[in-house]
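Student: Below is one structure. I have some questions about it.
The values are calculated or read from the model by the stated rules, or taken from the named source; none is laboratory data. Owing to the predicted nature of the structure, the values given are computational and were not obtained by experimental measurement. Note: ideal-geometry Cβ built from the backbone for every residue, glycine included; neighbour counts use all protein chains shown. When the accessible area is computed, the model is the full protein with side chains, heavy atoms only, and any ligands, DNA or RNA have been set aside. Shrake-Rupley method; radii C 1.70, N 1.55, O 1.52, S 1.80 Å.
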Amino acid sequence: CKNKIDTASIYRAVYVLNEDELAGNSMINYLLKNGDTAAINYLKFAKRCNDLNTWLDDPWERNSEGDIMTRQPFINEALKAINATRNKMLQKRYAFLAIRLSFYNGDEKIIESLYSTYFAPKRTGKDIVDYWALYFHALMDTNQVRQNYNLALVFSNAPDKRFAVVQHYNKKVPLNSILALAKNNKEKVAVCLMYNLNNVGPGLAALQTIYQL
């Protein structure tokens, strides 16, 4: 919104209001005034599929196939939206939503395809969506060294995913194996931090290494 809308209105539009309550919100009015219906449509879609971005557990194990069928139309809609828009930011965000829904559907092929197309080629200028996508991509990776490396990057760059990252990190993987994948000192710091956070003990040597890097 080019810093023309107060953050409280943006927060309400994104996190508080449901799809039917958006009318009259300052952010929505700004987007309408500037003809950005594509952004509004994305926001509405994100809200519609939000409740499906979790495990829909049935204690009697009767409805797993139903959950998958419920998510699939939203995945298909996200894929169509990617092809229908030229806005690179919206393409990436629709791709992320499809990745997250596909993760809970256990569809590794869609995750790999979307991640390799919209996220993996990007080396610089990554934003929070890149690291949220990396989180779900990492969880599908059977290579424990590579998974730990990517989870360390998510921990350092996506604060909202830190609790979940710690739960999935494999602390038995040797530090040197993970460090071998780091591309620069900043990534080495992320790897060292994550490893030592999950291997509780005297931390002075680890801190000295981090400060040196």
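Student: Of all residues in region 24-42, which are touching a Ser or Thr at 6+ places or on another chain (Cβ under 9 Å) and of a type in the set (A, V, I, L, M)?
Tutor: 27, 28, 31, 38
Student: So, residue 193, is that one open to solvent by 80 Å² or more (accessible area, probe 1.4 Å), out of contact with any helix residue (DSSP H, G or I) (no Cβ under 6 Å at 6 or more places or on another chain) and in a helix (DSSP H, G or I) or not?
Tutor: Considered against the rule, which asks whether it is open to solvent by 80 Å² or more (accessible area, probe 1.4 Å), out of contact with any helix residue (DSSP H, G or I) (no Cβ under 6 Å at 6 or more places or on another chain) and in a helix (DSSP H, G or I), residue 193 comes out as no.
Student: Here's something else I'd like to know. Scan region 1-57 for residues that are hydrophobic (A, V, I, L, M, F, W, C), touching a helix residue (DSSP H, G or I) at 6+ places or on another chain (Cβ under 6 Å), open to solvent by 30 Å² or more (accessible area, probe 1.4 Å) and modelled with pLDDT under 95 and jot them down.
Tutor: 1, 56
Student: With respect to the numbered conditions (1) farther than 27 Å from residue 49 by Cα; (2) modelled with pLDDT of 95 or more, which one is the sole condition not fulfilled by residue 198?
Tutor: (2)
Student: Quick check on this structure: which one of 198, 185 is among the polar types (S, T, N, Q), under 18 Å from residue 138 (Cα atoms) and touching a residue at least 24 places away in the same chain (Cβ under 8 Å)?
Tutor: Going through 198, 185 in turn, just one is among the polar types (S, T, N, Q), under 18 Å from residue 138 (Cα atoms) and touching a residue at least 24 places away in the same chain (Cβ under 8 Å): 198.
Student: Can you give me the number of residues within region 159-182 that are farther than 21 Å from residue 142 by Cβ and not hydrophobic (A, V, I, L, M, F, W, C)?
Tutor: 3
Student: Within region 58-177, considering only helices (runs of 4 or more DSSP H) that don't extend past its boundaries, which have at least 1 residues that are under 15 Å from the mean Cα position of the chain (by Cα) and surrounded by fewer than 20 Cβ atoms within 10 Å (Cβ to Cβ)?
Tutor: Answer list for region 58-177: 88-105, 108-118, 128-139, 144-157, 162-168.
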